[in-house]
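Okay, so here's the structure we're looking at.
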Amino acid sequence: MTAAPAGFIRLVLLPGMDGTGELFEPLAQAMERRDAIDVVRYPGTEPLGYDELERLVRAQLPAGQPFVLLGESFSGPLAISIAASPPPGLRGLILCCSFARRPAPGLALLRGGLLELSMKFLHSGPMRGPMRRMLLGRFATPRLAALLQGSLRQVSTAVMTRRMKEVQRVNVVDKLAQVRVPAMYLQAMEDRIVPDQAARTIQRALSGLRIVRLEGPHGLLQAAPIAAANAIDNFCRELGSSEPAIP
């Protein structure tokens with residue numbers, strides 16, 4: 001990892017369901033502090049659960065540097081678990097279009113045989129349209145659609161199925177009471193996957209949570225990168241003089 005520019009706190013990005021980290025490209029291009037960004041990437045062919053992924057993430061966090069942890073969608077529960085038992089240097093937590101327990105209705109509709117069937121056809125042509133509509137909605141562009149498909153092609157059906165099953169049973173609400181760092185939630189106003197209730201659930205357990213509502217779909221960091229980057233930059237600047245979390 002490269003050293004952060006003077007005056008900047010590092011930003012560690014945990015990816016959504018695809019896990020590739022490539023969907024952060026629009027955000028990284030929009031951010032002023034792109035040299036102080038680390039992207040954690042998950043294996044695309046090894047089905048890992050939340051517990052295993054948490055160990056993987058913790059091993060890649062900056063050592064000896066202050067940082068903010070951002071969990072996008074699928075990675076929100078991971079970010080919450082890490083913030084509840086913080087490593088040295090953690091200064092803040094950002095959740096984007098995410099949840100502390102299974103989002104309902106949203107992804108909760110995909111259960112049992114329907115889940116298995118959906119994942120079986122994940123990489124097929126007929127699934128491209130529905131996936132694009134769910135994640136990007138009216139904000140879809142040829143560039144974003146290609147970026148989405150390119151990332152999904154790198155992830156096996158077995159891996160996506162395991163991650164979806166993890167989402168179905170996850171519940172880290174109790175861990176929110178242990179989070180002591182400042183926290184912000186980026187909420188997409190046209191999210192078709194994670195309902196508004198998910199942010200309210202987190203806010204009830206984490207009273208200091210700041211909710212920032214931005215126009216965009218579930219793929220908020222991809223479809224509205226400038227607005228998201230501004231909110232993230234402002235949050236990180238406010239933390240510049242704060243003390244790191246104490247484990």
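Where a number appears in this text, it was derived from the coordinates with a stated rule and is not lab data. Note that this is a predicted model, so its numbers are computed, not measured. Positions of Cβ are backbone-derived with ideal geometry, glycine not excepted, and every protein chain shown enters the neighbour counts.
Please give the peptides 145-158, 221-234 ranked by average Cβ packing (other Cβ atoms within 10 Å per residue), highest first, as a rough proxy for protection. Display every interim value, and only then the final one.
Numbers: 145-158: 15.9, 221-234: 20.6.
Peptide ranking by packing, descending: 221-234, 145-158.
Order the peptides 76-85, 197-206 from the highest to the lowest mean number of other Cβ atoms within 10 Å of their residues. Each step should come with its number before you reach the end.
Details: 76-85: 23.3, 197-206: 18.2.
Most protected by this proxy first, the peptides run 76-85, 197-206.
Once a ≥ b ≥ c are taken as the square roots of the eigenvalues of the Cα gyration tensor of the stretch 10-238, is the result rounded (a/c under 1.5), prolate (a/b larger than b/c) or oblate (a/b not larger than b/c)? Mind showing how you got there, number by number?
Working: a/c = 1.43, a/b = 1.29, b/c = 1.11.
Cα axes put the stretch 10-238 in the rounded bin.
If you take every DSSP beta bridge whose two residues both sit in the stretch 10-238, what share of them, in percent to the nearest 5, is antiparallel? Walk me through the numbers on the way to the answer.
Numbers: 1 of 24 bridges.
Given both bridge residues lie in the stretch 10-238, the antiparallel proportion sits at roughly 5 percent.
Give a quick list of GluC sites (Glu not before Pro) in the stretch 141-247 that DSSP marks as loop, anything other than H, G, I, E or B, with at most 16 other Cβ atoms within 10 Å. Walk me through the numbers on the way to the answer.
On the way: sites: Glu166, Glu190, Glu215, Glu238; in loops: Glu190, Glu215.
Those that pass, being in a loop and sparsely packed, are Glu190, Glu215.
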